[in-house]
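Nothing in this text is a laboratory measurement; each read-out follows from the coordinates by a stated rule. Worth saying up front: this structure is predicted, and the values here are computed from it rather than measured. FYI the Cβ positions are ideal-geometry reconstructions off the backbone, even for glycines, and counts take in every protein chain you see.
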Amino acid sequence: MDDDLIQKVYQYMMNHDMLAAGRHIIVGVSGGADSMCLLFVLLKLRERLNITLSVVHVNHGLRGSASDEDERFVESVCHEQGISFYSFSINISEYARQMSMSVEEAGRHYRYQCFKEVLKKVGADIIAVAHNRDDVGETVLLNIFRGTGIRGLKGIPAKREGIIRPLLCISRQEIEAFVDKHSIAYRTDETNFQKDYVRNRIRLKILPDAEEYINNQAKNHLYQLSVMATEVESFISEQTDNAYLATVKDNNKILIEAFLALHIVLKREVLRRVIASASEMLKDISFAHIEAVLELADRQVGKRVQLPNGLVAIRGYDYIEISASLSDDLKDFAMEPIDVDIPGEYDLPFINKSVSFTIKNLEKSERIPEKQYTKWFDYDKIKVGLKLRTRLQGDYLVINNGNNKQLTRLMIDQKIPKETRDQRILLADGPHVVWLLGDRISEAYKITPQTKRVLIVRISKTHLDESCTNAHRWEYKHEG
């Protein structure tokens with residue numbers, strides 16, 4: 001292996017343990033210089049790493065016949081190299097409109113859906129994409145301009161959730177030199193030079209100006225900042241783990257006395273973690289939102305802060321609770337009970353949530369997930385039949401090693417505000433409350449060593465999300 005760039009990428013992959021998850025890699029290839037460099041580096045390393053490659057190409061339909069030519073170009077390269085090739089086509093502008101996203105954001109969202117679909121279809125292990133060192137600096141600046149904390153200064157991770165980025169250790173200049181040296185053909189996307197895209201403005205104007213008028217090492221310094229931010233964030237995350245255990249109850253109640261003793265950095269991180277648990281995302285949560293929730297600790301019981309993503313933070317007696325919000329006009333609403341069929345999914349539009357029910361066989365030594373909005377129950381212990389409803393006279397749970405407790409008494413002990421108790425939705429088996437959604441479950445339905453079938457109940461945010469298979473055309477072209 002006599003090429004310095006190939007050796008550099010190989011060492012970077014080893015240092016970041018990029019092949020720990022498996023040896024069949026889905027490679028995202030647009031046909032541009034970056035992705036062609038990635039593909040040919042992995043081809044050069046294929047034997048040494050003992051890996052199998054499959055290529056996915058996404059035609060966004062933004063450039064008419066030029067987009068189609070990109071697809072044909074990548075397909076021909078895969079045919080020459082004996083690599084399996086999968087293509088997807090979509091009108092990304094229409095998709096962006098349907099998803100209420102920018103074209104850039106929609107394109108990224110759609111691409112990763114396609115990568116994951118092929119990964120699952122062919123039984124691959126990892127997705128490789130061609131972000132490079134310059135992309136890190138661009139991302140750091142973009143995050144700063146939009147508003148970010150330490151996490152946003154990390155830029156782009158080397159690997160995360162089954163996605164690896166082997167080229168993060170090399171610059172765009174090195175990539176261009178590599179493809180020229182090895183006479184690797186590639187396609188040029190003229191939209192990369194249009195300044196009406198935000199990231200292009202940073203790449204084409206802001207960073208060149210910074211290098212010319214401020215410091216010619218600006219890109220390298222941004223990359224170094226991202227490395228240091230990654231280390232700092234890792235340390236803070238470890239400290240937050242301990243702070244979370246000491247201050248948070250039931251995943252959504254922050255105990256004020258213990259919380260106030262924390263350093264302000266850990267207070268904000270704990271809040272962000274609780275919010276992420278409640279909504280499964282932190283999108284649209286700003287610094288101002290975090291500060292408003294922090295102020296609840298010094299306010300009277302019942303005060304609340306509305307948050308994005310259908311959440312509300314409420315000041316309780318000795319805690320701050322973050323959960324799904326209810327609008328004022330629903331304070332006296334009467335929910336019609338919903339008979340639950342399994343499997344099935346049920347929308348609860350008044351709280352912008354849906355609840356899904358599935359059954360699986362329990363495997364030996366299988367770990368039960370501890371999540372606020374996903375619960376596992378022993379399916380064979382259900383006696384009457386499940387309903388989604390609000391509370392009724394006589395409702396109870398089993399807690400504290402087999403003792404029955406009236407739901408009303410539990411709500412009082414949990415310090416659930418009186419004005420919200422009739423709005424809390426529960427999953428019930430007759431008068432027996434299986435789960436007060438987002439809160440306590442009955443011990444009577446817990447998983448035991450004798451459990452054979454598991455009922456999985458999951459609460460998720462209701463949203464428009466057309467699946468990859470419904471929103472596009474995709475083709476499997478050939479096997480290598």
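List of remarks:
- Among beta bridges from DSSP that stay inside the chain, the antiparallel ones total about 75%.
- Residues Tyr346, Tyr110, ranked from the fewest to the most other C-beta atoms within 10 Å, line up as Tyr346, Tyr110.
- Residues of the stretch 211-236 with amide N under 20 Å of the 7 Å Cα→Cβ point at Ala177: 211-212, 216-224
- Identified option (computed Cα extents along the principal axes in Å; candidates [x] 62, 53, 51; [y] 66, 46, 45; [z] 77, 50, 41): [z]
- Longest segment of the chain lacking trypsin sites (Lys or Arg not before Pro) that sit in a DSSP loop with at most 16 other Cβ atoms within 10 Å: 64-194
- One decimal place: the segment Tyr317-Asn403 gains 28.4 nm when fully extended, by the rule 0.36 nm per residue minus the C-alpha distance.
- The label-point distance for Asn216 and Arg97, in a model that sets each label 7 Å from Cα toward Cβ, rounds to 4.8 nm.
- Under the simplified labelling scheme, the Thr148-Glu47 pair shows an inter-label distance of 4.1 nm, with each label point 7 Å from Cα along Cα→Cβ.
- For Lys219, the aspartates and glutamates whose Cα falls under 15 Å of its own Cα, not counting residues fewer than eight places away in the same chain, are Asp134, Asp135, Glu138, Glu174, Asp209, Glu211.
- For the stretch 338-460, relative contact order (Cα pairs under 8 Å, six or more residues apart, normalised by length) works out to 38 percent.
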